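Please read the structure below before turning to the comments.
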There are 2 protein chains.
Amino acid sequence: MARFEHHIFVCENVRPPDAPRGCCAAKGSAEVRAKFKEEVERRGLKGRVRANSAGCLDQCANGVTVVIYPAQTWYGRVTVADVPEIVDALAAGRVVERLRIPDEKLTGRSGDATPRRSA
Amino acid sequence: MARFEHHIFVCENVRPPDAPRGCCAAKGSAEVRAKFKEEVERRGLKGRVRANSAGCLDQCANGVTVVIYPAQTWYGRVTVADVPEIVDALAAGRVVERLRIPDEKLTGRSGDATPRRSA
C-alpha cells in the first residue's frame, strides 16, 4: 500500500460571527492544523500521516472538530495544546478518550440501511 | 454507530496559475464537490454520506483528486460527469476502477514501520 496510514482532517469552516452554531475557524482550527503538521514532521511521520484542512464536518457544536481516517476517530474541542497527545496516541494505536466525540453525539445517522430524509 | 458511512473529500486546493504541478481547483474541483452533494441528496443519502472540501491531498498530478473514507478509495482526474457513477458504486459497495488511482501512483509511503525522512 502506498497511501497515508493516518489521514487527519481538521475542520476549518468559517461562518459569520453571529452564526448560532459557531464555527471551527473562530475557535482556532488553523492553528490546530498547523500544530498537527508540525508534530507529524517532528516525529518523522511525514508521508505516513497527513494533516489536511477540511470544510464543515457538520459537528459545529463540538468544534474544533478533527476526524482521523481510516480509523474513524472523531475528536472535539481540540486545542493546540492537545495535538501532541493526539499524535502520540495515533502513533501508538490508541485514542485520547477525553477528547473523543462519543458516537451518540456525532451528527450523522445510525448504520441501518433506510434512507434518511433530507434535512 | 452514528457517523458517516462514507466520507468523501474533494481536493479544492488552489495554487498559482503558473505552478508546475497544477492544482485541483483549476480543474473544476468546486463543481465536482457540488455535484457530489447534489447526487448524495438526490439519493436520500444525506447524513449517511458526506461530501467535504479538503485542502491539498498531495496527489496534484492526478487532480481533481477525491478520497473516500473509511474505505480509502482514491480517485483521480474526476469530472462532474463521473460523479453519479462514483456515488452509485459507493452505494453498491463497488469501486469505479477506471478512475481509481493505483496504490503505486499515490503519494505517500508503503506500509512498513520505519520512519521516513522528512521531504
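Nothing in this text is a laboratory measurement; each read-out follows from the coordinates by a stated rule. Since we're looking at a predicted model, the values are computed, not measured. Because the Cβ atoms are built from the backbone with ideal geometry, glycine has one as well, and the counts that use them run over all protein chains shown.
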Q: Report, ordered by the first and then the second residue, all pairs with beta carbons closer than 8 Å, sequence separation of six or more or different chains, a first member in the range A:46-57 that is more than 7 Å from every other protein chain (Cβ to nearest Cβ), and a second member that is acidic (D, E).
A: A:V49/A:E5
Q: Being surrounded by fewer than 17 Cβ atoms within 10 Å (Cβ to Cβ) and either within 12 Å of chain A (Cβ to nearest Cβ) or assigned to a strand (DSSP E or B) (or both) narrows it down to one of B:E41, B:E31, so name that one.
A: B:E41
Q: Examine the range B:69-88 for a residue that is within 12 Å of chain A (Cβ to nearest Cβ), of a type in the set (G, A, S) and more than 26 Å from A:K37 (Cα to Cα), and state whether such a residue exists.
A: no
(Q) Looking only at the range B:90-102, how many residues end up being without any contact (Cβ under 8 Å) to a residue 12 or more places away in the chain and either touching a strand residue (DSSP E or B) at 6+ places or on another chain (Cβ under 8 Å) or of a type in the set (A, V, I, L, M) (or both)? (A) 1
